[in-house]
1. With the requirement that a residue be surrounded by fewer than 24 Cβ atoms within 10 Å (Cβ to Cβ) and farther than 21 Å from M314 by Cα, what does region 43-78 give you?
2. Going through region 106-153 one residue at a time, which ones are more than 29 Å from G349 (Cα to Cα) and among the hydroxyl-bearing types (S, T, Y)?
3. What are the residue pairs meeting all of these: first residue in region 472-500, first residue in contact (Cβ under 8 Å) with a residue 60 or more places away in the chain and farther than 14 Å from S369 by Cβ, second residue part of a helix (DSSP H, G or I) and of a type in the set (S, T, Y), Cβ atoms under 8 Å, and 6 or more apart or on different chains?
4. Go over the candidates L440, L452, L420 one by one and state the one that is in contact (Cβ under 8 Å) with a residue 40 or more places away in the chain, in a helix (DSSP H, G or I) and over 19 Å from V275 (Cβ atoms).
5. With the condition kept exactly as written, say whether any residue in region 355-368 is in contact (Cβ under 8 Å) with a residue 12 or more places away in the chain, surrounded by 24 or more Cβ atoms within 10 Å (Cβ to Cβ) and among the basic types (K, R).
6. Could you please let me know if D169 is surrounded by 24 or more Cβ atoms within 10 Å (Cβ to Cβ), at pLDDT 85 or above and more than 21 Å from the chain's Cα centre (by Cα)?
7. Given V265, V275, which one is at pLDDT 80 or above, out of contact with any strand residue (DSSP E or B) (no Cβ under 7 Å at 6 or more places or on another chain), in a helix (DSSP H, G or I) and closer than 30 Å to M187 by Cβ?
Amino acid sequence: MSAQQDTPPSGNGLFRTKTVEQSIRDTEEPEHALKKSLSALDLTVFGVGVVIGTGIFVLTGKVAKESAGPATAIAFVIAGVVCALAALCYAEFASTVPVAGSAYTFSYASLGELVAWIIGWDLVLEFALGTAVVAVGWSGYVRSLLGNIGWTLPDALSGTDASNGFGFDILAFALVLVLTVILVLGMKLSARVTTVVVAIKVAVVLIVIVAGSFFIKAANYTPFIPKAEPQPSGSDLTAPLVQLMFGYTPTNFGVMGIFTAASVVFFAFIGFDVVATAAEETRVPQRDMPRGILGSLVICTVLYVAVSIVVTGMQNYTQLSVSAPLADAFKAVGRPFYAGAISFGAAIGLTTVCMILLLGQTRVFFAMSRDGLLPRFFSKTHPRFHTPYRPTILLGVIIAIVAGFTSIDELATLVNIGTLFAFVVVALGVIVLRRTRPDLPRAFRTPWVPALPIVSVAASVWLMLNLPAETWLRFGIWMVIGVIIYLAYGRKHSRMSTGR
(Lines give C-alpha, C1' and ligand atoms only; values in the text may rest on other atoms or scores of the structure.)
Protein backbone atom coordinates (compact mmCIF):
# COMPACT_ATOMS: atom_id res chain seq x y z
CA MET A 1 0.00 0.00 0.00
CA SER A 2 2.93 2.37 0.62
CA ALA A 3 3.84 2.37 -3.04
CA GLN A 4 0.36 3.50 -3.85
CA GLN A 5 0.41 6.39 -1.40
CA ASP A 6 2.69 8.45 -3.64
CA THR A 7 0.73 7.67 -6.81
CA PRO A 8 -0.02 10.95 -8.60
CA PRO A 9 -3.57 11.82 -9.61
CA SER A 10 -4.52 9.91 -12.73
CA GLY A 11 -5.78 11.60 -15.88
CA ASN A 12 -5.61 15.26 -16.75
CA GLY A 13 -7.91 18.14 -17.47
CA LEU A 14 -11.62 17.68 -16.90
CA PHE A 15 -11.47 14.00 -16.02
CA ARG A 16 -8.45 13.85 -13.74
CA THR A 17 -9.14 11.68 -10.70
CA LYS A 18 -8.05 12.16 -7.12
CA THR A 19 -6.53 9.06 -5.57
CA VAL A 20 -8.22 7.49 -2.57
CA GLU A 21 -4.96 7.82 -0.65
CA GLN A 22 -4.81 11.57 -1.33
CA SER A 23 -8.42 12.02 -0.26
CA ILE A 24 -7.70 10.25 3.02
CA ARG A 25 -4.49 12.27 3.58
CA ASP A 26 -6.47 15.51 3.17
CA THR A 27 -8.63 14.51 6.12
CA GLU A 28 -5.55 14.44 8.35
CA GLU A 29 -4.65 18.13 7.90
CA PRO A 30 -5.30 19.62 11.38
CA GLU A 31 -7.19 22.75 10.33
CA HIS A 32 -9.24 20.85 7.76
CA ALA A 33 -9.96 17.74 9.87
CA LEU A 34 -13.37 16.70 11.20
CA LYS A 35 -13.80 15.07 14.61
CA LYS A 36 -14.47 11.31 14.58
CA SER A 37 -17.30 10.71 17.05
CA LEU A 38 -20.03 8.64 15.38
CA SER A 39 -20.88 4.96 15.86
CA ALA A 40 -22.96 2.53 13.79
CA LEU A 41 -25.94 3.30 16.03
CA ASP A 42 -25.53 7.04 15.43
CA LEU A 43 -25.44 6.46 11.66
CA THR A 44 -28.51 4.22 11.77
CA VAL A 45 -30.37 6.84 13.77
CA PHE A 46 -29.36 9.51 11.25
CA GLY A 47 -30.66 7.33 8.41
CA VAL A 48 -33.99 6.60 10.11
CA GLY A 49 -34.23 10.24 11.17
CA VAL A 50 -33.98 11.63 7.66
CA VAL A 51 -36.00 8.96 5.81
CA ILE A 52 -39.05 8.81 8.06
CA GLY A 53 -40.85 12.10 7.51
CA THR A 54 -44.18 13.19 6.10
CA GLY A 55 -44.04 10.34 3.58
CA ILE A 56 -45.07 7.72 6.10
CA PHE A 57 -48.01 9.83 7.29
CA VAL A 58 -49.23 11.15 3.92
CA LEU A 59 -47.82 9.26 0.95
CA THR A 60 -49.16 5.84 1.96
CA GLY A 61 -52.80 6.86 1.68
CA LYS A 62 -52.35 9.03 -1.40
CA VAL A 63 -50.71 6.24 -3.38
CA ALA A 64 -53.20 3.63 -2.14
CA LYS A 65 -56.15 5.73 -3.28
CA GLU A 66 -54.74 6.89 -6.59
CA SER A 67 -52.37 4.18 -7.86
CA ALA A 68 -52.18 0.79 -6.16
CA GLY A 69 -54.92 0.15 -3.58
CA PRO A 70 -53.94 -2.36 -0.86
CA ALA A 71 -50.98 -3.42 -3.04
CA THR A 72 -49.22 -0.24 -1.89
CA ALA A 73 -47.30 -2.48 0.51
CA ILE A 74 -45.76 -4.23 -2.51
CA ALA A 75 -44.90 -0.84 -4.02
CA PHE A 76 -42.97 0.04 -0.86
CA VAL A 77 -41.09 -3.27 -1.07
CA ILE A 78 -40.15 -2.56 -4.72
CA ALA A 79 -39.01 0.96 -3.86
CA GLY A 80 -37.03 -0.43 -0.94
CA VAL A 81 -35.29 -2.91 -3.24
CA VAL A 82 -34.33 -0.10 -5.65
CA CYS A 83 -32.88 1.85 -2.73
CA ALA A 84 -31.12 -1.28 -1.46
CA LEU A 85 -29.32 -1.65 -4.79
CA ALA A 86 -28.01 1.89 -4.44
CA ALA A 87 -27.31 1.38 -0.72
CA LEU A 88 -25.02 -1.58 -1.44
CA CYS A 89 -22.98 0.62 -3.78
CA TYR A 90 -22.87 3.46 -1.24
CA ALA A 91 -21.76 1.04 1.47
CA GLU A 92 -18.72 -0.10 -0.53
CA PHE A 93 -17.64 3.44 -1.33
CA ALA A 94 -18.26 4.88 2.14
CA SER A 95 -16.22 2.12 3.81
CA THR A 96 -13.43 2.26 1.21
CA VAL A 97 -13.22 6.07 0.93
CA PRO A 98 -14.24 7.32 4.42
CA VAL A 99 -14.16 10.98 3.43
CA ALA A 100 -16.84 13.69 3.70
CA GLY A 101 -18.77 14.43 0.53
CA SER A 102 -20.62 11.22 -0.27
CA ALA A 103 -21.23 10.81 -4.02
CA TYR A 104 -19.03 13.83 -4.78
CA THR A 105 -15.96 12.26 -3.16
CA PHE A 106 -16.72 8.83 -4.61
CA SER A 107 -17.00 10.14 -8.17
CA TYR A 108 -13.78 12.19 -7.79
CA ALA A 109 -11.93 8.95 -7.05
CA SER A 110 -13.45 7.04 -9.95
CA LEU A 111 -15.06 9.15 -12.71
CA GLY A 112 -13.04 12.35 -12.66
CA GLU A 113 -13.13 15.98 -11.54
CA LEU A 114 -15.83 17.29 -13.89
CA VAL A 115 -18.23 14.49 -12.94
CA ALA A 116 -17.36 15.07 -9.27
CA TRP A 117 -18.13 18.77 -9.60
CA ILE A 118 -21.43 18.08 -11.37
CA ILE A 119 -22.59 15.62 -8.71
CA GLY A 120 -21.40 17.93 -5.92
CA TRP A 121 -23.28 20.84 -7.49
CA ASP A 122 -26.31 18.55 -7.80
CA LEU A 123 -26.12 17.53 -4.12
CA VAL A 124 -25.84 21.15 -2.98
CA LEU A 125 -29.14 21.88 -4.74
CA GLU A 126 -30.74 18.63 -3.56
CA PHE A 127 -29.96 19.11 0.11
CA ALA A 128 -30.65 22.87 0.11
CA LEU A 129 -34.08 22.53 -1.45
CA GLY A 130 -34.82 19.49 0.67
CA THR A 131 -33.98 21.37 3.86
CA ALA A 132 -36.10 24.38 2.89
CA VAL A 133 -39.08 22.30 1.75
CA VAL A 134 -39.04 20.22 4.93
CA ALA A 135 -38.73 23.34 7.11
CA VAL A 136 -41.80 24.83 5.45
CA GLY A 137 -43.67 21.54 5.93
CA TRP A 138 -42.66 21.44 9.60
CA SER A 139 -43.94 24.98 10.02
CA GLY A 140 -47.33 23.94 8.64
CA TYR A 141 -47.64 21.05 11.12
CA VAL A 142 -46.66 23.28 14.06
CA ARG A 143 -49.15 25.99 13.05
CA SER A 144 -51.83 23.29 12.86
CA LEU A 145 -50.96 22.03 16.36
CA LEU A 146 -50.94 25.59 17.71
CA GLY A 147 -54.35 26.14 16.12
CA ASN A 148 -55.71 23.14 18.04
CA ILE A 149 -54.99 24.94 21.31
CA GLY A 150 -56.24 28.31 20.09
CA TRP A 151 -52.95 29.95 19.17
CA THR A 152 -52.56 31.45 15.70
CA LEU A 153 -49.78 33.37 14.01
CA PRO A 154 -50.46 36.51 11.94
CA ASP A 155 -50.80 35.82 8.22
CA ALA A 156 -47.74 37.99 7.59
CA LEU A 157 -45.63 35.54 9.63
CA SER A 158 -47.17 32.34 8.24
CA GLY A 159 -45.34 32.17 4.92
CA THR A 160 -46.13 32.82 1.29
CA ASP A 161 -49.08 31.10 -0.32
CA ALA A 162 -51.99 31.77 -2.64
CA SER A 163 -54.38 32.69 0.18
CA ASN A 164 -52.36 35.34 2.01
CA GLY A 165 -49.97 36.43 -0.74
CA PHE A 166 -46.47 37.57 0.26
CA GLY A 167 -45.43 36.72 3.79
CA PHE A 168 -42.59 35.49 5.98
CA ASP A 169 -42.56 32.02 7.52
CA ILE A 170 -41.04 32.85 10.89
CA LEU A 171 -41.24 29.25 12.17
CA ALA A 172 -39.38 27.73 9.20
CA PHE A 173 -36.76 30.49 9.39
CA ALA A 174 -36.22 29.97 13.13
CA LEU A 175 -36.03 26.18 12.82
CA VAL A 176 -33.20 26.28 10.26
CA LEU A 177 -31.23 28.79 12.34
CA VAL A 178 -31.55 26.70 15.53
CA LEU A 179 -30.45 23.54 13.69
CA THR A 180 -27.52 25.46 12.20
CA VAL A 181 -26.32 26.33 15.71
CA ILE A 182 -26.64 22.68 16.81
CA LEU A 183 -24.58 21.51 13.82
CA VAL A 184 -21.87 24.09 14.52
CA LEU A 185 -21.59 22.92 18.15
CA GLY A 186 -20.65 19.39 17.13
CA MET A 187 -21.67 16.12 15.52
CA LYS A 188 -22.06 14.30 18.83
CA LEU A 189 -24.57 16.89 20.06
CA SER A 190 -26.37 16.61 16.72
CA ALA A 191 -26.42 12.83 17.11
CA ARG A 192 -27.83 13.05 20.64
CA VAL A 193 -30.59 15.45 19.60
CA THR A 194 -31.39 13.23 16.63
CA THR A 195 -31.50 10.09 18.79
CA VAL A 196 -34.08 11.60 21.15
CA VAL A 197 -36.26 12.96 18.35
CA VAL A 198 -36.06 9.75 16.29
CA ALA A 199 -37.05 7.71 19.35
CA ILE A 200 -40.18 9.84 19.75
CA LYS A 201 -40.96 9.64 16.03
CA VAL A 202 -40.55 5.87 15.79
CA ALA A 203 -42.60 5.43 18.98
CA VAL A 204 -45.47 7.37 17.40
CA VAL A 205 -45.24 5.25 14.23
CA LEU A 206 -45.27 2.02 16.26
CA ILE A 207 -48.26 3.22 18.29
CA VAL A 208 -50.11 3.94 15.05
CA ILE A 209 -49.25 0.49 13.68
CA VAL A 210 -50.25 -1.37 16.84
CA ALA A 211 -53.39 0.68 17.52
CA GLY A 212 -54.47 0.62 13.88
CA SER A 213 -54.12 -3.16 13.67
CA PHE A 214 -57.13 -3.54 16.02
CA PHE A 215 -59.36 -1.78 13.47
CA ILE A 216 -58.33 -3.73 10.37
CA LYS A 217 -61.16 -5.28 8.35
CA ALA A 218 -60.18 -8.11 6.00
CA ALA A 219 -62.81 -6.96 3.48
CA ASN A 220 -60.82 -3.79 2.85
CA TYR A 221 -58.04 -5.84 1.28
CA THR A 222 -60.36 -7.04 -1.50
CA PRO A 223 -59.40 -6.62 -4.28
CA PHE A 224 -55.77 -6.55 -3.22
CA ILE A 225 -54.70 -5.45 -6.72
CA PRO A 226 -57.57 -3.35 -8.19
CA LYS A 227 -58.39 -3.47 -11.90
CA ALA A 228 -56.03 -1.42 -14.10
CA GLU A 229 -57.07 2.09 -15.17
CA PRO A 230 -55.05 4.05 -17.77
CA GLN A 231 -53.98 7.53 -16.70
CA PRO A 232 -55.07 10.51 -18.81
CA SER A 233 -52.46 11.33 -21.44
CA GLY A 234 -50.52 14.58 -21.36
CA SER A 235 -48.43 16.45 -23.90
CA ASP A 236 -47.00 19.42 -22.01
CA LEU A 237 -44.01 19.76 -19.70
CA THR A 238 -45.99 18.45 -16.73
CA ALA A 239 -46.20 14.99 -18.36
CA PRO A 240 -43.62 12.33 -17.40
CA LEU A 241 -40.58 12.40 -19.69
CA VAL A 242 -41.07 8.73 -20.59
CA GLN A 243 -44.52 9.60 -21.94
CA LEU A 244 -43.22 12.45 -24.11
CA MET A 245 -40.31 10.36 -25.42
CA PHE A 246 -41.94 7.00 -26.08
CA GLY A 247 -45.68 7.57 -25.82
CA TYR A 248 -45.81 5.22 -22.84
CA THR A 249 -48.75 6.02 -20.57
CA PRO A 250 -48.37 5.00 -16.91
CA THR A 251 -51.22 2.96 -15.44
CA ASN A 252 -53.14 3.37 -12.21
CA PHE A 253 -53.94 0.14 -10.37
CA GLY A 254 -53.36 -3.30 -11.83
CA VAL A 255 -49.87 -4.85 -11.82
CA MET A 256 -48.31 -1.89 -13.67
CA GLY A 257 -50.02 0.44 -11.20
CA ILE A 258 -47.86 -1.08 -8.48
CA PHE A 259 -44.76 0.04 -10.37
CA THR A 260 -46.30 3.48 -10.92
CA ALA A 261 -46.87 3.63 -7.17
CA ALA A 262 -43.29 2.48 -6.53
CA SER A 263 -41.96 5.43 -8.55
CA VAL A 264 -43.94 7.72 -6.22
CA VAL A 265 -43.27 6.09 -2.85
CA PHE A 266 -39.58 5.79 -3.72
CA PHE A 267 -39.29 9.41 -2.73
CA ALA A 268 -40.34 8.55 0.80
CA PHE A 269 -36.93 6.83 1.08
CA ILE A 270 -34.91 9.82 -0.06
CA GLY A 271 -32.22 10.76 2.41
CA PHE A 272 -30.55 7.48 3.42
CA ASP A 273 -27.62 8.48 1.19
CA VAL A 274 -26.98 11.42 3.54
CA VAL A 275 -25.51 8.88 5.97
CA ALA A 276 -22.56 8.52 3.61
CA THR A 277 -21.67 12.22 4.01
CA ALA A 278 -20.73 11.51 7.64
CA ALA A 279 -18.13 8.84 6.77
CA GLU A 280 -15.22 11.06 7.78
CA GLU A 281 -16.75 11.66 11.23
CA THR A 282 -17.28 7.95 11.94
CA ARG A 283 -14.93 6.24 14.37
CA VAL A 284 -14.70 2.93 12.47
CA PRO A 285 -16.10 3.72 9.00
CA GLN A 286 -15.01 0.41 7.44
CA ARG A 287 -17.33 -1.45 9.79
CA ASP A 288 -19.97 1.09 10.77
CA MET A 289 -20.84 2.80 7.46
CA PRO A 290 -22.33 -0.35 5.85
CA ARG A 291 -24.21 -1.12 9.06
CA GLY A 292 -25.61 2.40 9.30
CA ILE A 293 -26.64 2.70 5.64
CA LEU A 294 -28.18 -0.76 5.25
CA GLY A 295 -29.59 -0.93 8.80
CA SER A 296 -31.50 2.34 8.50
CA LEU A 297 -32.89 1.32 5.11
CA VAL A 298 -34.18 -2.04 6.42
CA ILE A 299 -35.85 -0.40 9.45
CA CYS A 300 -37.56 2.25 7.32
CA THR A 301 -38.77 -0.28 4.74
CA VAL A 302 -40.35 -2.47 7.45
CA LEU A 303 -42.10 0.53 9.01
CA TYR A 304 -43.37 1.80 5.66
CA VAL A 305 -44.77 -1.60 4.68
CA ALA A 306 -46.43 -2.03 8.09
CA VAL A 307 -48.07 1.40 7.95
CA SER A 308 -49.38 0.82 4.41
CA ILE A 309 -50.90 -2.54 5.45
CA VAL A 310 -52.57 -0.93 8.47
CA VAL A 311 -54.02 2.10 6.70
CA THR A 312 -55.47 0.11 3.79
CA GLY A 313 -56.90 -2.39 6.27
CA MET A 314 -58.54 0.27 8.44
CA GLN A 315 -60.35 1.99 5.59
CA ASN A 316 -61.19 0.98 2.03
CA TYR A 317 -58.62 2.49 -0.31
CA THR A 318 -61.33 4.35 -2.26
CA GLN A 319 -62.32 6.26 0.89
CA LEU A 320 -58.83 7.23 2.06
CA SER A 321 -57.98 10.90 2.49
CA VAL A 322 -55.21 12.22 0.26
CA SER A 323 -53.96 15.02 2.53
CA ALA A 324 -53.96 13.20 5.90
CA PRO A 325 -54.86 9.53 5.31
CA LEU A 326 -53.62 8.04 8.58
CA ALA A 327 -55.12 10.74 10.77
CA ASP A 328 -58.44 10.62 8.93
CA ALA A 329 -58.51 6.82 9.04
CA PHE A 330 -58.40 6.97 12.82
CA LYS A 331 -61.11 9.62 12.83
CA ALA A 332 -63.23 7.34 10.63
CA VAL A 333 -63.06 4.60 13.27
CA GLY A 334 -63.84 7.03 16.10
CA ARG A 335 -60.31 7.49 17.48
CA PRO A 336 -59.44 11.20 16.96
CA PHE A 337 -56.77 11.07 19.70
CA TYR A 338 -54.46 9.16 17.37
CA ALA A 339 -54.93 11.81 14.68
CA GLY A 340 -53.40 14.33 17.06
CA ALA A 341 -50.59 11.93 17.90
CA ILE A 342 -49.80 11.54 14.19
CA SER A 343 -49.58 15.32 13.71
CA PHE A 344 -47.33 15.56 16.77
CA GLY A 345 -45.10 12.75 15.47
CA ALA A 346 -44.84 14.39 12.05
CA ALA A 347 -43.95 17.77 13.52
CA ILE A 348 -41.31 16.29 15.83
CA GLY A 349 -39.96 14.00 13.14
CA LEU A 350 -39.45 16.68 10.52
CA THR A 351 -36.91 18.46 12.72
CA THR A 352 -34.44 15.60 12.26
CA VAL A 353 -35.14 15.39 8.52
CA CYS A 354 -34.31 19.08 8.22
CA MET A 355 -31.17 18.87 10.36
CA ILE A 356 -29.68 15.84 8.61
CA LEU A 357 -30.31 17.28 5.13
CA LEU A 358 -28.55 20.47 6.25
CA LEU A 359 -25.72 18.35 7.66
CA GLY A 360 -25.35 16.54 4.36
CA GLN A 361 -25.17 19.74 2.36
CA THR A 362 -22.55 21.35 4.55
CA ARG A 363 -20.33 18.25 4.32
CA VAL A 364 -20.50 18.20 0.52
CA PHE A 365 -19.76 21.94 0.38
CA PHE A 366 -16.88 21.45 2.84
CA ALA A 367 -15.37 18.62 0.78
CA MET A 368 -15.57 20.65 -2.46
CA SER A 369 -13.95 23.59 -0.70
CA ARG A 370 -11.14 21.44 0.70
CA ASP A 371 -10.40 20.30 -2.86
CA GLY A 372 -10.25 23.90 -4.08
CA LEU A 373 -13.30 23.64 -6.33
CA LEU A 374 -14.96 26.18 -4.02
CA PRO A 375 -13.05 28.84 -2.03
CA ARG A 376 -10.71 27.22 0.53
CA PHE A 377 -11.93 29.72 3.12
CA PHE A 378 -14.86 27.38 3.76
CA SER A 379 -12.74 24.29 4.44
CA LYS A 380 -11.32 25.32 7.82
CA THR A 381 -12.90 23.61 10.80
CA HIS A 382 -13.75 25.23 14.13
CA PRO A 383 -10.71 25.12 16.47
CA ARG A 384 -12.83 23.86 19.38
CA PHE A 385 -15.76 21.93 17.90
CA HIS A 386 -13.94 20.59 14.80
CA THR A 387 -17.00 21.19 12.63
CA PRO A 388 -17.11 22.96 9.22
CA TYR A 389 -18.65 26.02 10.84
CA ARG A 390 -18.13 28.49 7.99
CA PRO A 391 -20.17 26.66 5.32
CA THR A 392 -22.65 25.58 7.99
CA ILE A 393 -23.36 29.18 9.00
CA LEU A 394 -23.40 30.48 5.41
CA LEU A 395 -25.71 27.78 4.07
CA GLY A 396 -27.87 27.76 7.20
CA VAL A 397 -28.60 31.49 6.90
CA ILE A 398 -29.27 31.28 3.15
CA ILE A 399 -31.62 28.31 3.51
CA ALA A 400 -33.39 29.93 6.48
CA ILE A 401 -34.09 33.00 4.32
CA VAL A 402 -35.27 30.86 1.40
CA ALA A 403 -37.56 28.85 3.69
CA GLY A 404 -38.89 32.05 5.25
CA PHE A 405 -39.71 33.94 2.09
CA THR A 406 -40.40 31.37 -0.60
CA SER A 407 -43.15 28.90 -1.41
CA ILE A 408 -41.11 26.21 -3.17
CA ASP A 409 -43.47 23.28 -3.53
CA GLU A 410 -43.00 23.30 -7.30
CA LEU A 411 -39.24 22.82 -6.86
CA ALA A 412 -39.54 19.81 -4.56
CA THR A 413 -39.22 17.31 -7.42
CA LEU A 414 -35.71 18.65 -8.06
CA VAL A 415 -34.76 16.92 -4.82
CA ASN A 416 -35.96 13.64 -6.31
CA ILE A 417 -34.11 13.86 -9.62
CA GLY A 418 -30.97 15.00 -7.82
CA THR A 419 -31.00 11.95 -5.57
CA LEU A 420 -31.56 9.53 -8.44
CA PHE A 421 -28.74 11.15 -10.42
CA ALA A 422 -26.43 10.60 -7.44
CA PHE A 423 -27.51 6.94 -7.30
CA VAL A 424 -26.54 6.50 -10.97
CA VAL A 425 -23.12 8.10 -10.51
CA VAL A 426 -22.27 6.06 -7.40
CA ALA A 427 -23.25 2.77 -9.07
CA LEU A 428 -21.11 3.56 -12.12
CA GLY A 429 -18.27 4.62 -9.82
CA VAL A 430 -18.23 1.22 -8.10
CA ILE A 431 -17.73 -0.51 -11.47
CA VAL A 432 -14.98 1.90 -12.55
CA LEU A 433 -13.04 1.81 -9.25
CA ARG A 434 -13.14 -2.01 -9.21
CA ARG A 435 -11.36 -1.95 -12.59
CA THR A 436 -8.94 0.92 -11.97
CA ARG A 437 -8.04 0.14 -8.33
CA PRO A 438 -8.57 -3.58 -7.68
CA ASP A 439 -5.77 -3.35 -5.07
CA LEU A 440 -7.76 -1.16 -2.68
CA PRO A 441 -8.72 -2.84 0.62
CA ARG A 442 -12.51 -2.99 0.74
CA ALA A 443 -14.09 -3.71 4.12
CA PHE A 444 -17.45 -4.09 2.37
CA ARG A 445 -17.81 -5.29 -1.21
CA THR A 446 -20.93 -4.74 -3.27
CA PRO A 447 -22.02 -8.22 -4.44
CA TRP A 448 -22.39 -9.26 -8.09
CA VAL A 449 -20.38 -6.44 -9.67
CA PRO A 450 -20.97 -5.27 -12.38
CA ALA A 451 -24.44 -6.83 -12.64
CA LEU A 452 -25.92 -5.32 -9.46
CA PRO A 453 -24.68 -1.74 -10.12
CA ILE A 454 -25.98 -1.96 -13.70
CA VAL A 455 -29.41 -3.00 -12.42
CA SER A 456 -29.24 -0.12 -9.92
CA VAL A 457 -28.50 2.35 -12.73
CA ALA A 458 -31.37 0.99 -14.84
CA ALA A 459 -33.84 1.19 -11.93
CA SER A 460 -32.82 4.76 -11.06
CA VAL A 461 -32.99 5.92 -14.68
CA TRP A 462 -36.47 4.40 -15.04
CA LEU A 463 -37.70 6.33 -12.01
CA MET A 464 -36.07 9.51 -13.37
CA LEU A 465 -37.94 9.07 -16.66
CA ASN A 466 -41.21 8.99 -14.71
CA LEU A 467 -40.58 12.53 -13.44
CA PRO A 468 -42.19 15.51 -15.26
CA ALA A 469 -40.32 16.99 -18.22
CA GLU A 470 -40.28 20.41 -16.50
CA THR A 471 -38.26 18.87 -13.66
CA TRP A 472 -35.67 17.70 -16.19
CA LEU A 473 -35.61 21.21 -17.71
CA ARG A 474 -34.97 22.89 -14.36
CA PHE A 475 -32.38 20.28 -13.47
CA GLY A 476 -30.63 20.86 -16.80
CA ILE A 477 -30.51 24.62 -16.23
CA TRP A 478 -28.96 24.13 -12.78
CA MET A 479 -26.36 21.75 -14.23
CA VAL A 480 -25.43 24.25 -16.99
CA ILE A 481 -24.93 26.96 -14.36
CA GLY A 482 -22.73 24.55 -12.41
CA VAL A 483 -20.54 23.71 -15.42
CA ILE A 484 -20.04 27.43 -16.12
CA ILE A 485 -18.93 28.04 -12.52
CA TYR A 486 -16.56 25.06 -12.70
CA LEU A 487 -14.93 26.26 -15.92
CA ALA A 488 -14.66 29.85 -14.62
CA TYR A 489 -13.40 29.06 -11.10
CA GLY A 490 -13.19 25.44 -9.98
CA ARG A 491 -10.97 24.10 -12.76
CA LYS A 492 -8.32 26.80 -12.19
CA HIS A 493 -8.33 26.66 -8.39
CA SER A 494 -8.58 22.90 -7.99
CA ARG A 495 -5.79 21.46 -5.84
CA MET A 496 -5.31 18.89 -8.58
CA SER A 497 -4.43 21.83 -10.86
CA THR A 498 -2.45 24.06 -8.49
CA GLY A 499 -0.68 21.24 -6.63
CA ARG A 500 -1.41 22.91 -3.27
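The values are calculated or read from the model by the stated rules, or taken from the named source; none is laboratory data. Bear in mind that the values here come from a model prediction, so they are computed numbers and not experimental data. Quick reminder, even Gly has a Cβ in these numbers, built from the backbone with ideal geometry, and neighbours come from all protein chains shown.
1. Within region 43-78, T44, I78 meet the criteria.
2. Here is the first cut: in region 106-153, the ones more than 29 Å from G349 (Cα to Cα) are 106-118.
The answer is S107, Y108, S110.
3. From residues that are in contact (Cβ under 8 Å) with a residue 60 or more places away in the chain and farther than 14 Å from S369 by Cβ, the pairs are R491/S497.
4. Details: L440 fails: in a helix (DSSP H, G or I); L420 fails: over 19 Å from V275 (Cβ atoms).
It is L452.
5. Keep residues of region 355-368 that are in contact (Cβ under 8 Å) with a residue 12 or more places away in the chain, which gives 355-368.
Remaining after also requiring surrounded by 24 or more Cβ atoms within 10 Å (Cβ to Cβ): 355-368.
Next, only the ones that are among the basic types (K, R) stay: 363.
Looking for residues that are in contact (Cβ under 8 Å) with a residue 12 or more places away in the chain, surrounded by 24 or more Cβ atoms within 10 Å (Cβ to Cβ) and among the basic types (K, R), one finds at least one in region 355-368, hence yes.
6. Values: surrounded by 24 or more Cβ atoms within 10 Å (Cβ to Cβ): yes; at pLDDT 85 or above: yes; more than 21 Å from the chain's Cα centre (by Cα): yes.
It is true that D169 is surrounded by 24 or more Cβ atoms within 10 Å (Cβ to Cβ), at pLDDT 85 or above and more than 21 Å from the chain's Cα centre (by Cα).
7. V275
Quick grid of which residues meet (1) buried (at least 16 other Cβ atoms within 10 Å of the Cβ); (2) modelled with pLDDT of 90 or more; (3) under 17 Å from A79 (Cβ atoms):
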position: G429; (1), (2), (3): yes, yes, no
position: V457; (1), (2), (3): yes, yes, yes
position: P468; (1), (2), (3): yes, no, no
position: R474; (1), (2), (3): yes, no, no
position: I485; (1), (2), (3): no, yes, no
position: S494; (1), (2), (3): yes, yes, no
